[in-house]
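Taking it in order: structure first as structure tokens, then the write-up.
The values are calculated or read from the model by the stated rules, or taken from the named source; none is laboratory data. Predicted, not measured: the structure shown is a model, and the values here were computed from it. Ideal geometry is used to build each Cβ from the backbone, glycine not excepted, and the neighbour counts take in all protein chains shown. The accessibility values were calculated without ligands, DNA or RNA, using every heavy atom of the protein model including side chains. Shrake-Rupley method; radii C 1.70, N 1.55, O 1.52, S 1.80 Å.
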Amino acid sequence: MALLDRRSDVEAQRERVRLLMRIVVVVLLILIGRLGYLQLVKGKIFEEYSQKNSLKPFRLEALRGLIFDRHGTLIVENEPSFDLVYDFSIAEDAQAEYYLRLFADLTRENPAEAVTQFKKASMTPYGFRYLRYDIPKRTVSLLKSRQWEIPPLQIMTRIKRTYPWGAVGAHLLGHLGEVTKGEIRARNREAEHPYYEGDVIGKLGVERQREADLRGVDGIDFIQVNARGRRVLSNKEVLGLQVPQRRESVAGRNVVLTVDQSLQNKAHQLLQGKVGALVAMDPHTGEILTMVSSPSFLPALFSRGISSDSWKDLMTDPNHPLMNRPIQSQNPPGSIFKMIVAFALLSERAIHPEATVHCGGAWKYGNRYFHCWKKEGHGEVDLYKAISQSCDLFFYQMADRLGVDKIAYYASQFGFGAPTGVDLAHETAGILPSPAWKRARFDLPWYPGETISYGIGQGYLLATPIQIAVALSAIVNGGYLLKPFVVRDIVDHEGSVFQHVVPDVRYRIEAPQEIWQTIQKGLIGVVNDPSGTAYRYARAKEITIGGKTGTSQVIQFGREDVYTKCENLPYEKRHHAWFAGFAPIEDPKIVVVSFIEHGCAGSSAAAPLARELIRYYWQLSTTQHITKQEEKGPLMAVKNKPPEAEKEAADIPAEESE
Amino acid sequence: MKRSFVKKSFLSAIDFPTFGIVILLIAIGLLNLYSATGRDLANRSHYFEMQITWIGLGVLTMGLVILLSHLTLERLTWPLYIAVLLLLVLVLIAGTKVYGARRWLDLGFIALQPSEFLKVSLVLLLAKYFGSDRPRDSYTLTQLGLPALMVGLPALLILLEPDLGTALITLLIAGTICAANRIQKRSLFILAAVVVLIIPIMWTFGLKDYQRDRMLTFLNPTSDPQGKGYHAIQSIIAVGSGRLFGHGYQKGAQVHLEFLPADHTDFVFSVFAEEWGFFAASAVLLLFLWLFYRGLTISKEAKDRYSAFLALGATALLFWHTAINIAMVIGLMPVVGVPLPFFSYGGSSMLTTWACVGLLLSVRLRKFAR
């Protein structure tokens, strides 16, 4: 084999290896030559330069994208803010104490505290230690006037996120915060432009969801500074080496939401002093018109790092102000669920629409009595009456007739038990119970009695307000299950549309027209029939409203407690109040879900809020063709100032159990 | 028979000059790494200990390579090549992204860079191809088709990661091995014409400024996350300020380099040149030169074509890494992100380096074997 290599061939190959050797030698000599040129010929200049000067990269912070409402009203913007930094290319860390004492003298504060701050301060990739964020303007001008005394302490101008409407819609908009080490690791894998310690990042809501669009691209400049931190020489060259070019920052893309800020303000005001949520949605597109959670918080608190006191307040508040209730709060939907059971009944042809059931106030099933909310009973009840008067007894019997699997099947059709897919993080799925689910969750069999309370939306069933909005939308739009969304457009910094979100129909629930109409008729009766549960609470003169009330029990009551007046119970035992409504009934343009924690009754506590929101919506939409024209303009323009808090208070009628 | 020969006089048959240079280089490299990671006190011992671990694993790899007979090496060539190809595909699908490039395969306990292993696997494959399958006269363009495919496919996969530096190195290693063969003059001319004419013409006239920029950042996003040329200029100033004798160990004014994410990987030599000066830096380069000389001599004196190509490939791998890294550090080349053998921090690169040393020693060891 190898020995058969011809001698001449071997010789030729050796010759080529010798040639390679010569190439290797030449390359290495070139490298050594260059080293000699840099270190011997130019060495002195480089050394002197490096002792006196430094070329510093300077970050040009990108403007974060603005957020607008559907009409172009500015709802999140930026303003300058000043940070105190220690530049250790000017003075060593060891000298910091000396300078910090000078600084403390200047501002008349405790020098020891300033030094402690320095020790805790983190380093950034650009060679500074950030000592304080968002310092007052007075300190800025004080420091600027005495800069020559304390060169390493410098002011960095950064951009602060501001929320002109304060706490209104805070959960939807979200807030910023300093990027964590974990986020840096996770994000820098995908991000084209890496995050560094000290950077801000969207932590919640749209700020988080659209981080990639909003963030923009930081620019960079290179500045030669001398040991005193002064800018020197030209910016083009260092010792004959070309200085890297300045790269401008690119502003983040603007986000246009589907919400209407006027409605947001109204909803926020309606929820003042309550714990709950208001969601409004266009039942034909899935655009979220309003999403408000109460209690709320001030997102600007987070913009330049939240103080530990404020954080503690938020975390220890028993009402969980950071929770975005419309998409996160999961509760039994109560009687609202009856519309789904009614749909199941009709689809399965389990009942004739005119057939009646006698409601005597209680129904014995097995060895247990199931009570109707109306102690004396509803008498003869057909489907229409069962929905509009929310007869529990009717639905107990129907649930028994349908069985748990059928109920679970139709509920899942309407989106229960799964996130709606709204473009916000941390949405919860609710719970859609079934025997299989119970087996997996508790390792227990399904008891027949649980099917009965399933019929009135009690028991293990849990839903979020936005799930209810999606389900009701499907009922009023003829079965289209929509994917709700809050971001309509992404507009780049030059004003052209980068991304337009088109409404997304997840699927259509097929059913004959009569079925939809029958249920809609029942829902219209709830508000408009004098015997309807929300007749006194949800009716408005100028616009016709339909809907369904719901009151969900927080705990399982003993027999003696069933008819105890809710308002006499301790707060945490009171029922949750729901109302899901739509308007106008002829051609629904808006679906509103209001949810009040421990509000006692859907009719009296939740329905009036939905009604007020709908009335306000109607008022806006009949006048807005003028306003809309005025507000159209380049979305970059910073205009509206926050309005004065609206004076008008919601008139909520006296309480009454449904 | 071979086996017994290896066992009998294993130690005496080791090429001590080569081994000595390697030990010297690795010692200097380790000392330098300790200084280069000096600013990053929190991670310093981590880097240092990890590097020692990698050196240990590297030495084991070297031992394994030496112990395997060339027959076994030849048998392992194709399975190894195919395994690495699969890994390269896998890294594109499931690789960990760092600054927009998928180069790493996270195995949970360790992260690997399959493209590093490709280089060694390719040396084995090309040695096998050119070492056994030899046409009577010289290679024509069509006969170079198969090796071109062997190299081109993985090079393309690496380019897709994207990792311009490694793709370039891969081509250079393969090119060197090919160049050691007799290639038909006409084919050689055509090849040279293609490379010399088409590429620069395309680059200069076919692309607009922003396209070039975009392509460079696309192909090589990790090299310059903070601004074009900043690393290069800081590195040149650091090297230059080292002058004749340097600032002294751990005394480099690393204020220039502390923000470089790569000062313990790609720019590690600028730390050395700054702290030790011209004498020491060129001495290290001469050590490298000696190593390459030893490598080529081993190739020249190998007992057969296969062994000769093995040694040549291993030397080419070490040479191109060294040349490109140093050229980059002293501003003779754009920043492409290639590690310096024995000096740069990193596991995959360390294993590759030691595997090459193993190949060289293995060929030397079997010089007289029948």
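Can you name the residue in the stretch A:47-101 that is closer than 30 Å to A:T290 by Cα and among the basic types (K, R) and, of all such residues, is farthest from the other protein chains (Cβ to nearest Cβ)?
A:R70
How many residues are more than 13 Å from B:S362 (Cβ to Cβ), open to solvent by less than 20 Å² (accessible area, probe 1.4 Å) and at the interface with chain A (Cβ under 9 Å from one of its Cβ atoms) when one looks only at the stretch B:290-303?
Step one: of the stretch B:290-303, the residues more than 13 Å from B:S362 (Cβ to Cβ) are B:290-294, B:296-297, B:300-301.
Add one more test, that the residue is open to solvent by less than 20 Å² (accessible area, probe 1.4 Å), and what stays is B:291-292, B:296-297.
Keeping just the survivors that are at the interface with chain A (Cβ under 9 Å from one of its Cβ atoms) gives B:292, B:296-297.
Going through the stretch B:290-303 one residue at a time, the tally reaches 3.
Taking the condition of being exposed (fewer than 14 other Cβ atoms within 10 Å of the Cβ) and outside any loop (DSSP other than H, G, I, E, B), how many residues in the stretch A:314-326 meet it?
Adding up the residues that qualify gives 2.
On the given criteria, is B:L171 modelled with pLDDT of 85 or more and over 16 Å from B:A308 (Cβ atoms)?
Details: modelled with pLDDT of 85 or more: yes; over 16 Å from B:A308 (Cβ atoms): yes.
Yes, satisfied.
Can you give me the number of residues within the stretch B:304-346 that are at pLDDT below 85 and under 26 Å from B:M50 (Cα atoms)?
Selection size over the stretch B:304-346: 4.
With the condition kept exactly as written, say whether any residue in the stretch A:453-469 is closer than 20 Å to A:F595 by Cα, touching a residue at least 12 places away in the same chain (Cβ under 8 Å), open to solvent by 40 Å² or more (accessible area, probe 1.4 Å) and aromatic (F, W, Y).
For the stretch A:453-469, residues closer than 20 Å to A:F595 by Cα, touching a residue at least 12 places away in the same chain (Cβ under 8 Å), open to solvent by 40 Å² or more (accessible area, probe 1.4 Å) and aromatic (F, W, Y): present.
If you check A:A104 against the conditions, is it closer than 24 Å to A:W148 by Cβ, at pLDDT below 80 and more than 14 Å from every other protein chain (Cβ to nearest Cβ)?
Values: closer than 24 Å to A:W148 by Cβ: yes; at pLDDT below 80: no; more than 14 Å from every other protein chain (Cβ to nearest Cβ): yes.
The answer is no for A:A104.
Does B:S348 fit the bill of being touching a strand residue (DSSP E or B) at 6+ places or on another chain (Cβ under 8 Å) and among the hydroxyl-bearing types (S, T, Y)? Lay out the reasoning, then the answer.
On the way: touching a strand residue (DSSP E or B) at 6+ places or on another chain (Cβ under 8 Å): yes; among the hydroxyl-bearing types (S, T, Y): yes.
Yes: the conditions hold for B:S348.
Scan the stretch A:499-513 and give yes if some residue there is part of a helix (DSSP H, G or I) and either closer than 24 Å to A:I596 by Cα or not small (G, A, S) (or both), otherwise no. Can you show your working first?
So in the stretch A:499-513, the residues part of a helix (DSSP H, G or I) come out as A:513.
Then drop every residue that is not either closer than 24 Å to A:I596 by Cα or not small (G, A, S) (or both), which leaves A:513.
Among the residues of the stretch A:499-513, at least one is part of a helix (DSSP H, G or I) and either closer than 24 Å to A:I596 by Cα or not small (G, A, S) (or both), which makes the answer yes.
Looking at the structure I just gave you, is A:S531 assigned to a loop (DSSP other than H, G, I, E, B) and either over 19 Å from A:I585 (Cα atoms) or of a type outside the set (D, E, K, R) (or both)? Give the steps one after another, and end with the answer.
Values: assigned to a loop (DSSP other than H, G, I, E, B): yes; either over 19 Å from A:I585 (Cα atoms) or of a type outside the set (D, E, K, R) (or both): yes.
Judged against the criteria, A:S531 is a match.
Please determine, by comparing only the residues of the stretch B:310-352 that are part of a helix (DSSP H, G or I) and at the interface with chain A (Cβ under 9 Å from one of its Cβ atoms), which one is surrounded by the fewest Cβ atoms within 10 Å (Cβ to Cβ).
In the first step, residues of the stretch B:310-352 are kept if they are part of a helix (DSSP H, G or I); the result is B:310-329, B:347-352.
Still in the running and at the interface with chain A (Cβ under 9 Å from one of its Cβ atoms): B:312, B:315-316, B:319, B:322-323, B:326-327.
Details: B:L312: 32, B:T315: 29, B:A316: 30, B:F319: 25, B:T322: 28, B:A323: 24, B:I326: 29, B:A327: 18.
Residue satisfying both the conditions and the ranking: B:A327.
Hey, does the stretch A:471-479 have a residue that's assigned to a strand (DSSP E or B), touching a residue at least 24 places away in the same chain (Cβ under 8 Å) and on the phi < 0 side of the Ramachandran plot? Walk me through it before giving the result.
First, pick out the residues of the stretch A:471-479 that are assigned to a strand (DSSP E or B): none.
No, the stretch A:471-479 contains no residue that is assigned to a strand (DSSP E or B), touching a residue at least 24 places away in the same chain (Cβ under 8 Å) and on the phi < 0 side of the Ramachandran plot.
Condition test on B:V357, is it open to solvent by less than 10 Å² (accessible area, probe 1.4 Å), within 19 Å of B:A273 (Cβ to Cβ), touching a Leu at 6+ places or on another chain (Cβ under 9 Å) and touching a residue at least 60 places away in the same chain (Cβ under 8 Å)? Give the steps one after another, and end with the answer.
Working: open to solvent by less than 10 Å² (accessible area, probe 1.4 Å): yes; within 19 Å of B:A273 (Cβ to Cβ): no; touching a Leu at 6+ places or on another chain (Cβ under 9 Å): yes; touching a residue at least 60 places away in the same chain (Cβ under 8 Å): yes.
So B:V357 does not fit the description; no.
What tally of residues in the stretch B:248-275 results from selecting those that are assigned to a helix (DSSP H, G or I), at pLDDT below 90 and either of a type outside the set (D, E) or open to solvent by 10 Å² or more (accessible area, probe 1.4 Å) (or both)? Before the answer, list the steps.
First pass over the stretch B:248-275, keeping only residues assigned to a helix (DSSP H, G or I): B:254-256, B:268-275.
Adding the requirement that they be at pLDDT below 90 leaves B:254-256, B:268, B:270-271, B:274-275.
Retained after the next criterion (residues that are either of a type outside the set (D, E) or open to solvent by 10 Å² or more (accessible area, probe 1.4 Å) (or both)): B:254-256, B:268, B:270-271.
The qualifying residues number 6.
Do we have A:Q39 as of a type in the set (S, T, N, Q) and either modelled with pLDDT of 85 or more or in a strand (DSSP E or B) (or both) here?
When the stated conditions are applied, A:Q39 passes them.
Would you mind stating whether A:V486 is farther than 22 Å from A:L257 by Cα and in contact with a helix residue (DSSP H, G or I) (Cβ under 8 Å, 6 or more places away or on another chain)?
no
What number of residues within the stretch A:551-561 are open to solvent by 50 Å² or more (accessible area, probe 1.4 Å) and either modelled with pLDDT of 80 or more or part of a loop (DSSP other than H, G, I, E, B) (or both)? Write out each step before concluding.
Keep residues of the stretch A:551-561 that are open to solvent by 50 Å² or more (accessible area, probe 1.4 Å), which gives A:553-556, A:559-561.
Still in the running and either modelled with pLDDT of 80 or more or part of a loop (DSSP other than H, G, I, E, B) (or both): A:553-556.
Residues that pass the stated criteria total 4.
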